[in-house]
1. Please go through (1) modelled with pLDDT of 90 or more; (2) surrounded by 16 or more Cβ atoms within 10 Å (Cβ to Cβ); (3) in a helix (DSSP H, G or I) for Phe622 and return the number of the only condition it doesn't satisfy.
2. Taking only segment 267-313 into account, find how many residues are closer than 23 Å to Ser225 by Cβ and part of a strand (DSSP E or B).
3. Can Asp468 be described as at pLDDT 85 or above and closer than 22 Å to Ser374 by Cα?
4. Could you tell me whether segment 605-612 includes any residue that is part of a helix (DSSP H, G or I) and over 27 Å from Gly524 (Cα atoms)?
5. How many residues, within segment 378-401, are at pLDDT 90 or above, of a type in the set (D, E, K, R) and either under 20 Å from Gly527 (Cα atoms) or more than 19 Å from the chain's Cα centre (by Cα) (or both)?
6. Hey, does segment 582-600 have a residue that's within 27 Å of Glu486 (Cβ to Cβ), surrounded by 22 or more Cβ atoms within 10 Å (Cβ to Cβ) and among the polar types (S, T, N, Q)?
7. Determine if segment 561-582 includes at least one residue that is among the hydroxyl-bearing types (Ser, Thr, Tyr) and free of Cβ contacts under 8 Å to residues at least 24 places away in the same chain.
8. In this structure, does Lys425 turn out to be modelled with pLDDT under 60 and not small (Gly, Ala, Ser)?
Amino acid sequence: MLREFYFPCIPDEGKGKVTSSTVIDMAGGDDYSMPRKFILVYFLLWILSSAAAMTPSPVSNFVFSGFNGSALRLHGSATVHPNGLLQLTSLNMNEIGHAFFPFPFPFLDSFGAPLSFSTSFVFVIVPQHRDISSHGIAFAITPSDNLADVLPSQYLGLFNHTNNGDPSNHIVAVELDTIQNREFYDINDNHVGIDVNGLVSVSSAPASFFLDSSGLSYQNLSLISGHPMQVWADFDGKRMELNVTIAPLFTSKPQIPLLSSKINLSSNVLDKMYVGFSASTGSAAGWRYILGWSFSINGIAEELQLSNLPSFQSREAEDISGKKNKIWVIVLSIVITVFLLIGAAGFVLHLKFKKKFAEVMEDWETEYGPRRFSYRDLYRATKGFSDGNLMGNGGFGEVYRGLLPKSKVQVAVKRISHDSRQGMKEFMAEIATMGRLRHRHLVQLLGYCRRRGELILVYDFMAKGSLDKYIFGRPEQSLNWSQRFEIIRGIAAGLLYLHEEWEQVVLHRDIKASNVLLDADFNGKLGDFGLARLHDRGSNPQTTRVVGTFGYLAPEVSRAGMFTTCSDVFGFGAFLLEVACGKTPIELKTTGIEMVLVDWVSELLKKGEILKARDRKLGSEFAVDQLELVLKLGLLCSQQSPAARPNMRQVVRYLEGKEPLPEMSENDCDSDASYGINRFVLVT
């Protein structure tokens, strides 16, 4: 008869199974005497035990779709739920959870060369508070299934502050790290890394996976999203290469691994090694789960049956339900008090909310055309006027990016700061003027809001920002000459509209590159009317306060504080030169001497080398006639005598080629030391 004796490594129960067992076949018959049979049995058992002593484990691979009956070695906070879910950490701070397969595997062959291995597992990290994590989880290959003297927090339950990086550790791990630790040179707070004997990864990358075989298209992952993800780690012993891949659950294994690193494990692992998981929490807590796990030494790990994996949500749902059942009596006993408190708190909050969003409406506001926005809508649009939405500071105060909650339209919201030197009168003038101005090269005022002394304006959102960062900065996308020339023509047309084509004369008084905004197509629009002054056509616009930016102010403004359309033309001349030359009107040289841009350009004109004044970033790609026109027109607009400057209608005709620019004689350049600006005489 044939008798079979099975000596399985671990029980084959639950959803886990071990695919290799030791089988002893014994042939015998009734003619054997009992003593002889027992002697033979004991002899074979002695041979088996001797072989077992030389072999780490008869198991070469395993697969767990849940961990009931797995006989894993659990330490610390690790536990297996009734539904087979392996939990490594809980809501306790500074705790460690370990789970290791109970038998070691051979990782070196008889010649001391590393064996290939393959593993795949499904994990999920659920932080106690959304988007706040507390360190990660690691698949680890260790010389022992009971790691002693290890620390939680950033050490992931694998090392401590003295042995981290010690070659005698003989630990290889794949970390899924959710905290950026500068001491370990982590690349960010959401990465996958390969660790050898320490937590300074030999290779790491942000958590993501490639969508195709090109390696150009990828999708980022959040390790603390609370969604299950699958990890594959495959080591090729011949090529000494470890590949690590990650993807969302139910997504096929990507063709290109996230990490691929050459590692000589022969000097980093021992003959017998354990495999398992380690996780830890720090100052914040959260759950770390393993839903399924397969492993194979010298082979490919078996595919996990994802539909058979336990749900990680069920236990939490049961816990919450149990807690509710235990406290229902307490809840019922205090429900009346709670409702009273809620009612009182609601009433107080209503009063505070009403006060917070209270607005002011005065009689004069009904005379103006712009739409009035509610403060509540603007508060929501700018996320509470958060620093993350702050774009910069304008003439009145801070400017924020906003998204109107109903229309989903992007806007720029200018909120007047409390320490602004401008006041209600200028604000009213801006509303009255800007609300009725309509021109494709002026930034459109969409509306306004007033509350408790706060003054807020809502403008069109200019996607590309201000022109000055493209002229003086180092943007990713630079402006070529054709784009600059079109911007110049557009601003000239907008300024002509302000001076002559609207029902009243509007003076801008602060024309410069930083007040020119660009839309998504790089069309220039004149903005920041914080210094605008409205007056009836033909009146004498005297002012007692000099406002504007030094370097752009006309001489008559500096002398008498008198703004006219001619002073705007002077500012436009400075704008032409800074766009064409890539320099500000006044620059401080390394020698400590100020360079006045107008003087410099005029000196080049005298030498017949005016094109040398161009911005070096233009290179040789520019229209010579257009560049020469802009430079000379900039000098013409910068003449000291207001009467000698062209008006904006003439400027527009010059730029459009409808009227030739008056010639400038080199002998007509005359320097006036009192202002440091050259004068030119038109040759008629």
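The values are calculated or read from the model by the stated rules, or taken from the named source; none is laboratory data. Everything quoted here is computed from the prediction, not taken from an experiment. For neighbour counting, all protein chains shown are included, and Cβ atoms are generated from backbone atoms with ideal geometry for every residue, glycine included.
1. Of (1) modelled with pLDDT of 90 or more; (2) surrounded by 16 or more Cβ atoms within 10 Å (Cβ to Cβ); (3) in a helix (DSSP H, G or I), only one is false for Phe622: (3).
2. Residues flagged as closer than 23 Å to Ser225 by Cβ and part of a strand (DSSP E or B) within segment 267-313 amount to 12.
3. In short, no.
4. yes
5. Looking only at that region, the number is 2.
6. no
7. Within segment 561-582, not a single residue is among the hydroxyl-bearing types (Ser, Thr, Tyr) and free of Cβ contacts under 8 Å to residues at least 24 places away in the same chain.
8. yes
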